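The values are calculated or read from the model by the stated rules, or taken from the named source; none is laboratory data. All values derive from a computational prediction rather than experimental measurement. Backbone-built Cβ (ideal geometry, glycine too); neighbour counts: all protein chains shown.
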Amino acid sequence: MAKKKKKEEMKVKEETVKEETVKEEVKEENAPNEELEKLKQENKELHEKLLRNQAELINFRNRKEEETARLLKYSNEELALEILPILDNFERAISMDDDNLEDEVSKFLSGFKMIYVNFKNTLEKYEVKEIDALNKEFDATYHHAVMKEHKDGVEPGIVIEVLQKGYMLKDKVIRPSMVKVSD
């Protein structure tokens, strides 16, 4: 009986060894498939990362181009802002104009007018334009109200006097008009 029991134990051990061998063979067969799946997943993740990086680079390039275009578009802004007070002074000098064209002051004023016209034409060439404000409805985007005054026959919120001209560079307000508004 002991022999029979030993034989059965041997048989069970052989079956166990066979099962383990079969399991190892299945594992070995599945190992390349698992490794292949793992590599495919890693490849997919790297491809997605590459696409995200490419999209990020394209967005960065577009932002840089927009910023450069904006800087170039308004590159003359500082120069225009420096010239505008000079233009204002010419306008004040010209407003002293009198009808007597024979005296020295009138001769200077005619020279000032020519310089003023040249200045104004040069500014317009570089798309610096005066903001038309007189008798227009007050708009805080273009006007800076410094005074209010009641004026008969004029609706409230209308610009009744321009105290200092405003200017735009292309589509950007570089100096709003200082105005008096009807109350």
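Tabulated results
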item	result
Residue check, Glu15 at pLDDT 75 or above, in a helix (DSSP H, G or I) and acidic (Asp, Glu)	no
Criterion (assigned to a helix (DSSP H, G or I) and aliphatic (A, V, I, L, M)) met by exactly one of Met114, Met168, Met178, Met147	Met114
Test set (1) farther than 30 Å from Asn76 by Cα; (2) in a strand (DSSP E or B) - Pro156 fails condition number	(2)
Of all residues making up the range 58-91, the number that are in a helix (DSSP H, G or I) and without any contact (Cβ under 8 Å) to a residue 24 or more places away in the chain	20
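Table: residues versus (1) farther than 24 Å from Lys172 by Cβ; (2) assigned by TED's automatic domain parsing to the domain that holds Asp171; (3) aliphatic (A, V, I, L, M); (4) at pLDDT 95 or above.
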| site | (1), (2), (3), (4) |
| --- | --- |
| Asn59 | yes, no, no, yes |
| Asn62 | no, no, no, yes |
| Glu78 | no, yes, no, no |
| Leu81 | no, yes, yes, no |
| Ile94 | yes, yes, yes, no |
| Leu101 | yes, yes, yes, no |
| Val117 | yes, yes, yes, no |
| Lys125 | no, yes, no, no |
